[in-house]
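The values are calculated or read from the model by the stated rules, or taken from the named source; none is laboratory data. Bear in mind that the values here come from a model prediction, so they are computed numbers and not experimental data. Here the Cβ positions follow ideal geometry from the backbone for every residue, glycine too, while neighbour counts run over all protein chains shown.
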Amino acid sequence: MVKINGNLISPGRPSSSSSSGKRKKLSVGAIVGLVFAGMVFVFALLGVFCFCMHKRQQHSGSKTHGAEAGNFSLQVLRTATNDFCQENILGHGAFATVYKGQLDDGTIVAVKKMKSERMTEKGLLEFKNEIDALTNIRHLHLLALLGSYSDENEKILVYEFMPKGTLSEHLFQRKDGGVVNPLDWTQRLRIGLDIARGVEYLHSLAKGSFLHRDLKPSNILLGDDMRAKVADFGLLRLAPASGTSTSSTNAAGTYGYVDPMYADMGGATTKIDVYSFGVILMELITGRRVVDLSQPDDSVYLVNWFRRVLPNKEKFSEVIDRTIDATEETMASINIVAELAVKCCAKKPCQRPEMSQIVSTMSPLVEPWSPLEPDDEDNHVMNMTPSQAMQQLASSNFEALETTSIPSATFRE
């Protein structure tokens, strides 16, 4: 014990104030340590979350295809097309190149990549038109949009893949003096009806009425079953109200397929698509291009030449595509379609049929109706199982189902 200023202090014990200070320092240090550890933990969680989201976005493209369109990541599309290599090119357009691609799940797709040098106001408008239109319409004979990708440098659309290529290839692609993949008349007739049904849907059955404005064989794609789908909706626009026309007089489309009365009409109506469809029918019958500079001067332009030779039945039979087996039954069908083609290309738009009338004319040629004999019909119905009855009901409503509009998908560029 030591006596200081009259107080006894034990040398072996610290004072109470010193002990309290040390405890305070210890508690502050512990709190700081816990806070730091907590912050490290939170940042680690954020890092893991961001990494997972990045991976999810990278692979989201292969999961969004289907009935509704969605977003694809650029990495998914690069992988699918082998970095947009030339070997995968399916075709070129004025504003885009189309590549064949394969997604992670094996799905084959057509990837339409906009050319960077063509990202003009018009090109960007076509890109936007395709997305806006195809997220609002679905039909058996319209090419389905599966998704898209868009940033400042890239604009890409992803479509279902049609393995048999374009109608143009089957009509005009030649090798060793002959057509590479010739079509018989039954196939041509069904393709024509498929196109008509797709355009009919655009004109009058979709949510809103649309004009395609660029119908031609290179915009008609064929599946494994040789059924046709209308493609390339960059020039698609809303149709005007019945009996009116749009204010624009700038002709859109491809020379030869564009209605020559376009400007005189004061704008676009559904009859411009009817004209283009009539030209396609003429090409299906003759196997000739709409403009063929190898022909004599008076036969260069298909529509004028076709109108001139049709009345002469003997001469007309000579201009039918040689790859068609022109039997008596086939010729009867060809004559009906030829008359329809000329009506579609009538000089006055008011004299052209509506697409619904075209479908009504062509349907019996492709799908002739033949009634069952009374006894056969009774036996057929009596012998049907419940499941067969349901299948027949579904089949009878097929046309209604194929023209039903699917609600628009929501996705962003």
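Exactly one of these conditions fails for Pro163: (1) part of a loop (DSSP other than H, G, I, E, B); (2) at pLDDT 90 or above; (3) surrounded by 15 or more Cβ atoms within 10 Å (Cβ to Cβ). Give me its number.
Every condition holds for Pro163 apart from (3).
May I ask you to list the residues in the stretch 341-353 that are surrounded by fewer than 21 Cβ atoms within 10 Å (Cβ to Cβ) and either small (Gly, Ala, Ser) or part of a helix (DSSP H, G or I) (or both)?
If we filter the stretch 341-353 for residues that are surrounded by fewer than 21 Cβ atoms within 10 Å (Cβ to Cβ), which is where we start, we get 342-343, 346-351, 353.
Selection gives Val342, Lys343, Ala346, Pro349, Cys350, Gln351.
Can you confirm whether Asn136 is of a type in the set (S, T, N, Q), in a helix (DSSP H, G or I) and touching a residue at least 40 places away in the same chain (Cβ under 8 Å)?
no
Looking only at the stretch 314-338, which residues are assigned to a helix (DSSP H, G or I) and either surrounded by fewer than 12 Cβ atoms within 10 Å (Cβ to Cβ) or of a type in the set (A, V, I, L, M) (or both)? It would help to see each step written out before you state the result.
Step one: list which residues in the stretch 314-338 are assigned to a helix (DSSP H, G or I), which gives 314-319, 328-338.
Those that are assigned to a helix (DSSP H, G or I) and either surrounded by fewer than 12 Cβ atoms within 10 Å (Cβ to Cβ) or of a type in the set (A, V, I, L, M) (or both): Glu314, Lys315, Glu318, Val319, Glu328, Glu329, Met331, Ala332, Ile334, Ile336, Val337, Ala338.
Looking at (1) in a helix (DSSP H, G or I); (2) touching a His at 6+ places or on another chain (Cβ under 7 Å); (3) touching a residue at least 60 places away in the same chain (Cβ under 8 Å), which is the only condition Gly198 fails?
Exception for Gly198: condition (3).
Specify the residue that is nearest to the chain's Cα centre (by Cα); the eligible residues are those in the stretch 354-371 that are surrounded by fewer than 15 Cβ atoms within 10 Å (Cβ to Cβ) and within 12 Å of Leu340 (Cα to Cα).
Glu354
Out of curiosity, is Ser204 part of a strand (DSSP E or B) and either touching a residue at least 24 places away in the same chain (Cβ under 8 Å) or out of contact with any Asp or Glu (no Cβ under 7 Å at 6 or more places or on another chain) (or both)?
The answer is no for Ser204.
Applying the selection to the stretch 88-122, what residues are assigned to a loop (DSSP other than H, G, I, E, B), in contact with a Lys or Arg (Cβ under 9 Å, 6 or more places away or on another chain) and surrounded by fewer than 16 Cβ atoms within 10 Å (Cβ to Cβ)?
Ala94, Asp104, Asp105, listed by residue number.
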